[in-house]
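Take a look at the structure below.
Read-outs: derived from the displayed coordinates by stated rules, not from any lab. Note that the coordinates shown come from a computational prediction; the quantities given were computed from them, not determined experimentally. Please note: Cβ atoms are built from the backbone with ideal geometry, for glycine as well, and neighbour counts cover all protein chains shown.
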Amino acid sequence: MTDQPHDRNLEVKLRLEEEIKSKTNALRLVLGAAAALLIVGTVFYHYVEGFSWLNSVWFCVESLSTVGYGDMVPHTAEGKIFTMFFIFAGISVFVRTAQLVSQALGEARARRISRRVARRYARKQSNKA
């Protein structure tokens, strides 16, 4: 009978570790997609638009962050078409990253609250006995 709470705690810990591993993998995937977008965009703008390497990276960061200072713009039709898809892809990656981070923060807060409530309940139960 005394093994049941221990088994339940172990099961919860294992499930939690699996969830953390899954979320970590999802975040790695999203960050990898962001890095790939930055690399592909930089190479594209360097060769198609003739931007310097630094200006290519600058334009990618400016576009992916949706800041759009307007200091640089694509001049070719290919560059303009690519930029439209590039920005939509970048926004998708950003939204997914924000979703993963906010979900992880919310779940961490819920676990802290749950532990706090469980400790208070345990104290009340031990005071009754």
- line: The exposure ranking of S52, S63, fewest beta-carbon neighbours within 10 Å first, is S52, S63
The stretch 105-111 - phi-based ³J(HN,Hα) in whole Hz, Karplus 6.51/-1.76/1.60, Gly and Pro as x: 5, x, 5, 5, 5, 4, 5
task: Using percent of Cα pairs over 20 Å apart as the read-out, say which of (i) 46; (ii) 61; (iii) 51 was calculated from these coordinates.
output: (ii)
message: Students often forget the sequence filter, so: which aspartates and glutamates lie under 13 Å Cα-Cα from K80 once same-chain residues fewer than 8 apart are removed?
response: E49
- prompt: Rounded if a/c is under 1.5, else prolate if a/b is larger than b/c, else oblate: which is the stretch 23-77, with a ≥ b ≥ c the root eigenvalues of its Cα gyration tensor?
  reply: prolate
- prompt: For the Cα atoms of the chain, what angle does the longest principal axis make with the long axis of helix 3-44, in degrees from 0 to 90, nearest 10?
  reply: 10
Dipole in debye (nearest 20) - the chain, about Cα centre, beta carbon charges: Lys, Arg +1; Asp, Glu -1: 1460
query: Once every DSSP H run of n ≥ 4 in the chain is given -39500 (n - 2.57) and the sum is divided by its residues, what mean residue ellipticity at 222 nm do you get, rounded to the nearest 500 deg cm²/dmol?
result: -30000 deg cm²/dmol
query: Tell me which lysines have Cα within less than 24 Å of K21's Cα, excluding those fewer than 8 residues away on the same chain?
result: K13
message: Can you find, among I87, A118, F59, the residue sitting farthest towards the positive end of the charge dipole of the chain, where Lys and Arg contribute +1 and Asp and Glu -1 at Cβ?
response: A118
